[in-house]
1. Can you name the residue in the stretch 178-199 that is more than 12 Å from the chain's Cα centre (by Cα) and part of a loop (DSSP other than H, G, I, E, B) and is also surrounded by the most Cβ atoms within 10 Å (Cβ to Cβ) among such residues?
2. If you go through the stretch 112-123 one residue at a time, do you hit one that is farther than 26 Å from Asp202 by Cα and either at pLDDT 85 or above or not assigned by TED's automatic domain parsing to the domain that holds Gly356 (or both)?
3. Would you point out the residue of the stretch 377-393, among those that are hydrophobic (A, V, I, L, M, F, W, C) and not in a helix (DSSP H, G or I), that is surrounded by the fewest Cβ atoms within 10 Å (Cβ to Cβ)?
4. Starting from residues that are in a loop (DSSP other than H, G, I, E, B) and buried (at least 18 other Cβ atoms within 10 Å of the Cβ), keep the ones in the stretch 242-270 and report whichever is modelled with the highest pLDDT.
5. Based on what the data block shows, is Glu72 within 30 Å of Gly197 (Cβ to Cβ), at pLDDT 85 or above and either of a type in the set (Asp, Glu) or over 34 Å from the mean Cα position of the chain (by Cα) (or both)?
6. Suppose we filter the stretch 173-189 for residues that are within 23 Å of Phe249 (Cα to Cα) and either without any contact (Cβ under 8 Å) to a residue 12 or more places away in the chain or in the same structural domain as Ser334 (by TED's automatic domain parsing) (or both); how many remain?
7. Read through the list (1) among the charged types (D, E, K, R); (2) more than 24 Å from His287 (Cα to Cα); (3) in a strand (DSSP E or B), then give the number of the only condition that Asp329 fails.
8. For the subset of the stretch 29-79 comprising residues that are in contact (Cβ under 8 Å) with a residue 24 or more places away in the chain and among the hydroxyl-bearing types (Ser, Thr, Tyr), which member is surrounded by the most Cβ atoms within 10 Å (Cβ to Cβ)?
Amino acid sequence: MKKLVILLVGVFVIAGCGVKEQFKADANLESIEGTLKEQTSVDKAKGTHFILNDKSEDVPVRSLMINLSSPEYLNNRVDVVGFDNDADGVFEVTGITVLEILNDSKIKGKLVEYKNSELGFQTKYYDNWQFVEMPGVVTFSFKLNETDIVESNIYVEQYAFDYVPETESDQTNVKALEDYFTKTNSLDIQPFLAKIGPDQMDAVRIQNESSLEYTLYRAGLIYKIKFVPAAGGDIGDILFKQVISEFKFIGFSDSDKPVVGDEEAVDVGSVPSVDMELITFESLPYHFSGKYPSSWYYAGSKSSNPQVLHHYGFSDQSVTSENELIGLDVLAGSIPSAGKDVTVAGRSMKEISSTGNYILYDSVDGQNYRFTGSEEYTNLIRVMAANVISVEN
């Protein structure tokens, strides 16, 4: 017989620890082990289900928070946590763990740990799943049952997102998520906030007809965990909840480590060499000049982001939002504390790097600048930042 552990707590909160651990601080909560059965129309007991305990007693139970009739629970051996309802004596279930699968559930495989130090996360999945690792994304694929032709998929994606708090008190993950969703689709995230994983991390939970997605922020990075089922049903949803309940951030490998905290300052020496001829451009509204490759194009525009005064894009083609290679923002606010201190040609800067992306902050005579681009342009970005100078009015 297979064994599987699944935990559901509340309606929106999924925790990665055991049920007993989650509720042990509340003296009013108790646990019952036994086989979960559904009450029939001829049963006179109150409640909706029974737990057949080790004494062969039927304990009436119900739950307003968990679908006890789900095939993942029904007719399996479970450990339920809850309390006795004083009004009618029914045991109210608030949490459930499947101890042993006794029915013909479609869930197969053994739960095993997955770690990815390049993307900086770990979770658990079933050993009969397939997974593919690519830069910035891991895809888990599985079939909900043996008759399915098309696989269901769970995606874990990571990409850079530069959050600039307006004040020191704004440096929270919820504020960063609010900023991200405001910029991407003007969504008010408050109704969709959730806590996930063993560390109860802030996340935004969005469900639509074709997918279920959680979005998290980690200094300088956005993570999206998305379930796209090939077919509907509770089973796929519960499999995804298992991945979510075990999801947590871990350290990065040295070879691909996003810098997310203050570290020892690094002196990269003189201006890096780039095999390009550079020419000067000047910003009259903001009184500075800089350099960019002579064979490239640049364009400036006002920004809709209140934290950005002006945006300049650089590309090897006539610049559009689709082909921009390097971006330069003139910031209205301060430089964020997240990142690594670096020194370029004697000038102190702050950098954030992640899978495939590079961000560099520079400050000249009290004005703050942000350069963004692909990691392949790291040296060019450093050169461009080191060449920013103030121009007199």
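The values are calculated or read from the model by the stated rules, or taken from the named source; none is laboratory data. Note that the structure is a prediction, hence the values are computed from the model and not measured. We place every Cβ from the backbone using ideal geometry, glycine too, and count neighbours over all the protein chains shown.
1. Here the answer is Ile189.
2. Going residue by residue through the stretch 112-123, those that are farther than 26 Å from Asp202 by Cα are none.
Within the stretch 112-123 (the criterion being farther than 26 Å from Asp202 by Cα and either at pLDDT 85 or above or not assigned by TED's automatic domain parsing to the domain that holds Gly356 (or both)), the answer is no, since none of the residues qualifies.
3. Val391
4. Only one residue tops the list, namely Phe247.
5. For Glu72, the condition - within 30 Å of Gly197 (Cβ to Cβ), at pLDDT 85 or above and either of a type in the set (Asp, Glu) or over 34 Å from the mean Cα position of the chain (by Cα) (or both) - is not met.
6. 1
7. Of everything listed in (1) among the charged types (D, E, K, R); (2) more than 24 Å from His287 (Cα to Cα); (3) in a strand (DSSP E or B), Asp329 misses just condition (2).
8. Tyr73
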